[in-house]
1. Can you tell me how many residues within segment 59-84 are among the polar types (S, T, N, Q) and over 13 Å from the mean Cα position of the chain (by Cα)?
2. Among the residues of segment 8-23, is any loosely packed, with under 10 Cβ neighbours inside 10 Å, of a type in the set (A, V, I, L, M) and outside any helix (DSSP H, G or I)?
3. Go through the residues of segment 74-86 one by one and say whether even a single one is assigned to a helix (DSSP H, G or I), at pLDDT below 90, surrounded by 11 or more Cβ atoms within 10 Å (Cβ to Cβ) and of a type in the set (Phe, Trp, Tyr).
Amino acid sequence: MDYFHPLVWQLLGGTTFARTASFMTIPFLALYLQNDLHASPIMIGLAVGISQLTATFGGFFGGFFTDRFGRKKIIIISMFCWSIVF
């Protein structure tokens with residue numbers, strides 16, 4: 001494992017931390033939507049599930065674009081897009 005660049009380890013650690021924090025907030029999002037905003041169960045399910053569905057299909061498209069354009073370009077573009085989302 002010593003053959004990875006230190007930046008790779010930083011990206012892996014940051015991604016792991018961000019994903020863990022994101023998954024820990026999902027149950028609280030559902031409770032907030034139900035108790036404070038009085039959202040219907042269908043709307044809560046859509047709000048919670050759409051990100052997982054998007055991530056699933058995004059992985060397939062990301063793999064395709066990585067094969068076509070190269071890893072470095074796709075990683076930079078995806079990091080830029082994530083910085084806009086957050």
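1. Qualifying residue count, segment 59-84: 1.
2. no
3. yes
The values are calculated or read from the model by the stated rules, or taken from the named source; none is laboratory data. None of these values were measured; they are calculated from a predicted model. In this analysis, Cβ positions are derived from the backbone assuming ideal geometry, glycine residues included, and neighbour counts consider all displayed protein chains.
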